[in-house]
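Reading through the structure tokens given below for one structure.
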């Protein structure tokens, strides 16, 4: 058996016999039924495995057995997907991460769906945020695995039949072994810039408001999902779509960038960032800076941070170097090619949802820097690990990472 199969067999043996919260099945029975209905539906093997393991988060964390005692959402989809992402690819972990949002999505888009939910699911729906609003639905549909998550959600809902007979857990050993992956050692580190190495995000918010006001839209703002990790062209196109501004997107993006550049007069590093970059370089890791900002902006701040000798000019990838910005993986994949490493051998340090999603789409592990981040609870599930800033990392982090200690990338550092 693979180590992942051994771990899973042990977890289900220890915790799977517990009752599935508010339902007439055990945790193991529920998991096996979800996998059974996935197989019967004819979906991919990866989605069958995701259906089998979709509630692993419940089994690895302690929550009250009586659902009436739940006062907040357990977040099992986030903890479960992170556990799975350390052992399987995104085709398994991502539908698991999204299966609770998929429930909220279906409640918003299918009136009949809400009516057929079990009493326990109705209770947890309220804790999970209720049906999605229009903006949440649109965002959910940008997730690469949202359709698989919707299917998984339906198998999840079906798998609550007391006394229903299914193949045993052992039946799926071959799938676990087929999809389990060996963690590759890290050879390269890709740093985002804004919000990851330097703190400029407040300038971004102010720039959006002031340029909108300049063109006659007072009191305007954008959610951080539309600014953090995004190119100025994306911001401009979003502003045009929301406000009806007739200014060409390229002109608006140019005005935003010019205002932002003039407002950011000095560099404010994320705590410990320059030292971390120097330590990573000294350990022998290959480094790149991959940002949605233009290349000239990257060069400017790299000089001001004093890390010019750590990041080669060709390893500085800006928003003007790619055809599609984050959350598309193009920029990270280009950096991997420049550094001559496989995507699985790179780890990304990021502060935004767009960046973390791009890293995942590129097949790279990631560390979520939360110092300037928004929506921390939701974004933390996208990353392999997290830390507030670089001072939170262990003293020998970079040397140990370069030496092959991949377990470092599956922890939260506070």
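Things to note:
- Total residues in the range 316-355 satisfying the condition of being over 19 Å from residue 257 (Cβ atoms) and either free of Cβ contacts under 8 Å to residues at least 60 places away in the same chain or in a loop (DSSP other than H, G, I, E, B) (or both): the figure is 13.
- The listed residue being in a loop (DSSP other than H, G, I, E, B) and under 14 Å from residue 204 (Cα atoms), out of 262, 221: 221
- Restricting the range 363-396 to residues that are more than 23 Å from residue 140 (Cβ to Cβ) and free of Cβ contacts under 8 Å to residues at least 12 places away in the same chain leaves a set whose member that is surrounded by the fewest Cβ atoms within 10 Å (Cβ to Cβ) is 395.
- Set 281, 288: member being in a strand (DSSP E or B) and over 20 Å from residue 201 (Cβ atoms): 288
- Each residue in the range 187-227 was checked for being within 19 Å of the chain's Cα centre (by Cα) and within 30 Å of residue 46 (Cβ to Cβ), and 4 of them qualify.
- Hey, residue 80 buried (at least 23 other Cβ atoms within 10 Å of the Cβ) and free of Cβ contacts under 8 Å to residues at least 40 places away in the same chain or not: yes
- Meets criteria (touching a strand residue (DSSP E or B) at 6+ places or on another chain (Cβ under 9 Å) and either surrounded by fewer than 20 Cβ atoms within 10 Å (Cβ to Cβ) or not in a loop (DSSP other than H, G, I, E, B) (or both)) for residue 307: no
- Restricting 290, 264 to those that are more than 30 Å from residue 343 (Cα to Cα) and in contact with a strand residue (DSSP E or B) (Cβ under 9 Å, 6 or more places away or on another chain) reduces the list to 264.
- Any hit, the range 116-129, residues being without any contact (Cβ under 8 Å) to a residue 40 or more places away in the chain, in the same structural domain as residue 91 (by TED's automatic domain parsing) and farther than 23 Å from residue 94 by Cβ: yes
- Counting only helices (runs of 4 or more DSSP H) wholly contained in the range 1-88, the ones carrying 1 or more residues that are at pLDDT below 85 occupy 3-15, 56-60, 76-85.
- Qualifying residue in the range 235-250 (condition: in contact (Cβ under 8 Å) with a residue 40 or more places away in the chain and either on the phi > 0 side of the Ramachandran plot or not assigned by TED's automatic domain parsing to the domain that holds residue 45 (or both)): no
- Inspection of the range 178-192 finds a residue satisfying the criterion of being within 19 Å of residue 257 (Cβ to Cβ) and in contact (Cβ under 8 Å) with a residue 40 or more places away in the chain.
- Some residue of the range 393-402 being under 25 Å from residue 301 (Cα atoms), part of a helix (DSSP H, G or I), touching a helix residue (DSSP H, G or I) at 6+ places or on another chain (Cβ under 8 Å) and not assigned by TED's automatic domain parsing to the domain that holds residue 205: yes
- Identification of helices (runs of 4 or more DSSP H) wholly contained in the range 133-179 with 1 or more residues that are outside the structural domain of residue 357 (by TED's automatic domain parsing) and closer than 23 Å to residue 17 by Cβ yields 146-158, 173-179.
- Residue within the range 242-259 that is assigned to a helix (DSSP H, G or I), under 26 Å from the mean Cα position of the chain (by Cα) and surrounded by fewer than 20 Cβ atoms within 10 Å (Cβ to Cβ) present: yes
- Screening the candidates 375, 342, 350, 330 for the property of being out of contact with any strand residue (DSSP E or B) (no Cβ under 6 Å at 6 or more places or on another chain) and under 26 Å from residue 271 (Cβ atoms) yields one hit, 375.
The values are calculated or read from the model by the stated rules, or taken from the named source; none is laboratory data. Bear in mind the structure is a predicted one, so any value in this text is a computation, not a measurement. Cβ coordinates were reconstructed from backbone atoms using ideal geometry, including for glycine residues, and neighbour counts include every protein chain displayed.
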